[in-house]
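*Asks:* Okay, here's the structure, questions in a sec.
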């Protein structure tokens, strides 16, 4: 970065301190750099440009005109948030499968109030269509044929995905992937809601 030493403002440079703060919900760090450059030399930086390792540009504000043809604007950066979980009350339709030995095949659906966990993970990806959407495993019956469909494996503690994961933009090219998980339920523990 150049400075005003040559008096031209021909290259963008940081004006004032780098402002840093931590978001208490996402537990990631945000940065703001106020920039100056002459209006004839202004060019926005590409989203995703790194300020430092793991710190990504996600937005540039509209330039503001200052005296002498100088523009001022902010570049906003952030780190990728760590994974997190949030518990939430939920009524889930659990499934049980009874095979031919049980007089089946049959798939039973039963609603049960339980705690679910929303699991958030974050990825940097310029192409969001390449992010995998996981689908919960479910038993599907068609005539006398029952099979399981879905792509999501259970977590190490046994909790399993109950809704398709959702991908939403967090900031710039950082994407939030959210899935809802519940604990397995023994049919002997079931009490209808």
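Bear in mind these aren't lab numbers, they're just calculated from the coordinates by the rules spelled out. Keep in mind the model is a prediction, meaning the values are calculated, not measured. Ideal geometry is used to build each Cβ from the backbone, glycine not excepted, and the neighbour counts take in all protein chains shown.
*Asks:* What per residue convex hull volume, in Å³, comes out for the stretch 12-56 when only alpha-carbon positions are used? Write out the running numbers ahead of the final one.
*Replies:* Working: hull volume 3.9 nm³, N = 45.
Dividing the Cα hull volume of the stretch 12-56 by its residues yields 87 Å³.
*Asks:* Additional query: Based on a Kirkwood Rh over C-alpha pairs, give the Stokes-Einstein translational diffusion coefficient of the stretch 4-79 at 4 °C and viscosity 1.567 mPa s in µm²/s. List each step's numbers first, then the result.
*Replies:* Values: Rh = 13.2 Å.
In µm²/s, the coefficient is 98.
*Asks:* Mind sorting 160, 13 by how few other Cβ atoms lie within 10 Å of their own Cβ, fewest first?
*Replies:* Working: 160 18, 13 15.
Result, fewest neighbours first: 13, 160.
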